[in-house]
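Chemist: Please see the structure below; I have some questions.
Here, each number is a calculation from the coordinates, and none is a lab measurement. Source: prediction; values computed, not measured. Note that each Cβ is placed from the backbone with ideal geometry, even for glycine, and that neighbours are counted across all protein chains shown.
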Amino acid sequence: MPATPKWDFARTDEVVEVAALVNDAYRATGRIKGWTSEAHLLGGQRIDADMLAEILERDGSRILLARLDGRLGACIHLERVSPTVAAFGLFAIRPAIQGQGLGRSVIVYAECWAKAHWGARQAEITVIDLRRDLVAWYLRMGYRFTGERKAFPYGDERFGIPKRSDLALAVMRKTLTGMQGL
């Protein structure tokens with residue numbers, strides 16, 4: 001990993017910076033294309049600053065940031081969806097530093113934080129099921145398929161412009177018991 005991350009939660013005055021990171025990671029908007037890009041499946045934006053501001057206003061919703069040498073390197077959205085389940089989303093690593101271990105650190109930190117502060121016993125993510133490489137990474141991180149699938153939000157271009165008609169979201173969960181908290 002390039003440096004030790006400094007952890008913090010996003011503030012509303014940081015939503016433009018966070019949106020740029022997420023769009024770069026998901027839609028390959030920058031000059032470096034990361035392995036997590038969905039640009040082959042979706043065009044347009046992944047998220048905008050207004051959507052991020054709405055996320056930050058919700059109770060039980062936070063966006064964890066990892067800064068490296070003062071620069072935003074990663075983010076992940078944590079949301080308490082029940083007394084025992086934390087949902088994660090908008091997981092993004094700056095493309096230039098992908099593949100160096102920061103992603104693993106972000107997931108572990110988010111899991112430990114959700115367990116320690118919310119009493120979460122499970123973490124849940126949704127992933128486009130066609131993203132075999134990303135699904136395989138989550139499986140290595142201990143997440144398992146629940147069998148639940150969610151429809152992709154076709155027609156809502158705030159989340160992107162689909163390039164395929166067969167997109168669906170698979171739900172994966174991980175049990176957090178036995179992990180060390182923060």
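Chemist: State whether one or more residues within the stretch 50-68 are over 23 Å from residue 141 (Cα atoms), touching a residue at least 60 places away in the same chain (Cβ under 8 Å) and either in a strand (DSSP E or B) or out of contact with any strand residue (DSSP E or B) (no Cβ under 8 Å at 6 or more places or on another chain) (or both).
Modeler: The answer is yes, given that some residue of the stretch 50-68 is over 23 Å from residue 141 (Cα atoms), touching a residue at least 60 places away in the same chain (Cβ under 8 Å) and either in a strand (DSSP E or B) or out of contact with any strand residue (DSSP E or B) (no Cβ under 8 Å at 6 or more places or on another chain) (or both).
Chemist: For the stretch 1-38, enumerate the residues that are of a type in the set (Lys, Arg) and not in a helix (DSSP H, G or I).
Modeler: Listed by number, the residues that qualify are 6, 11, 31, 33.
Chemist: Taking interchain pairs and intrachain pairs at least six residues apart, which have beta carbon atoms under 7 angstrom, with the first residue in the stretch 137-165 and at positive phi and the second assigned to a loop (DSSP other than H, G, I, E, B) and among the charged types (D, E, K, R)?
Modeler: Qualifying pairs under 7 Å: 160/46.
Chemist: Applying the selection to the stretch 65-91, what residues are closer than 15 Å to residue 52 by Cα and touching an Asp or Glu at 6+ places or on another chain (Cβ under 8 Å)?
Modeler: 65, 88, 89
Chemist: A further question on this structure: If I ask for residues that are crowded, with 18+ Cβ neighbours inside 10 Å, in contact (Cβ under 8 Å) with a residue 40 or more places away in the chain and aliphatic (A, V, I, L, M), which ones from the stretch 87-127 would you list?
Modeler: Residues satisfying the conditions are 90, 92, 93, 97, 102, 106, 110, 114, 120, 123, 125, 127.
Chemist: Restricting to the stretch 69-85, give me the number of residues that are under 22 Å from residue 123 (Cα atoms) and assigned to a loop (DSSP other than H, G, I, E, B).
Modeler: Qualifying residue count for the region: 4.
Chemist: Within the stretch 59-86, take every residue that is among the small types (Gly, Ala, Ser) and closer than 19 Å to residue 116 by Cβ and give me the one that is surrounded by the most Cβ atoms within 10 Å (Cβ to Cβ).
Modeler: Checking each candidate, the answer is 86.
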